[in-house]
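Below is one structure; the comments refer to it alone.
Nothing in this text is a laboratory measurement; each read-out follows from the coordinates by a stated rule. If you're wondering where the values come from, they're calculated on a predicted model, not measured in any experiment. Cβ atoms come from the backbone with ideal geometry, glycine included; neighbour counts cover every protein chain shown.
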Amino acid sequence: MTRTCEPSSRRVFRACLWPYLEAPAPDGHLAADHNVAFLRLSQAYEAEATRAEEIGWSVSRASMDHLAMITQPDKVAAMIVDVTAAVLVNG
């Protein structure tokens, strides 16, 4: 069965989320003194995770779906806490 968004849901998406999705991504340049981490939630972003490791970022990997922040928010939140703690301790 195919589900469609209710008209009100589409309005909320267009008003609230679409502008965020259209915003340009930051250039990724960080000063050398920043402690940073990359949390790879799905295999689709393995190339980016590998690149992050190559430039010295702390990388944590999980095999989830591309909507894991929505479908598994508790697990993702715990991973964010863990990777943040690791960066602060090892930074």
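Considering amide H positions built from the backbone, and no H for Pro or chain starts, which residues 5 or more places from Phe38, or on another chain, come under 5 Å of its amide H?
For Phe38, the qualifying residues are Ser58, Val59, Ser60.
Work out how much length Ala44 to Val12 would gain on full extension: take 0.36 nm times their residue separation and subtract the Cα-Cα distance, in nm to one decimal. Don't skip to the answer; put the middle values down first.
Values: separation 32, 0.36 × 32 = 11.52 nm, distance 2.78 nm.
Gain on stretching Ala44 to Val12: 8.7 nm.
Just grab the label-to-label distance for Ser60 and Asp74, each label 7 Å out from Cα along the Cβ direction, in nm (one decimal).
1.7
Could you work out the local net charge near Lys75, counting Lys and Arg as +1, Asp and Glu as -1, over the other residues with Cβ closer than 12 Å to its Cβ? Before the final figure, lay out each step's value.
On the way: positive: none; negative: Asp65, Asp74, Asp82.
Neighbour charge sum, excluding Lys75 itself: -3.
Taking a ≥ b ≥ c as the square roots of the Cα gyration tensor eigenvalues, with a/c under 1.5 meaning rounded and otherwise prolate when a/b beats b/c, else oblate, which class fits the range 34-91?
Values: a/c = 3.15, a/b = 1.26, b/c = 2.50.
Because a/c hits 1.5 or more and a/b fails to exceed b/c, the range 34-91 counts as oblate.
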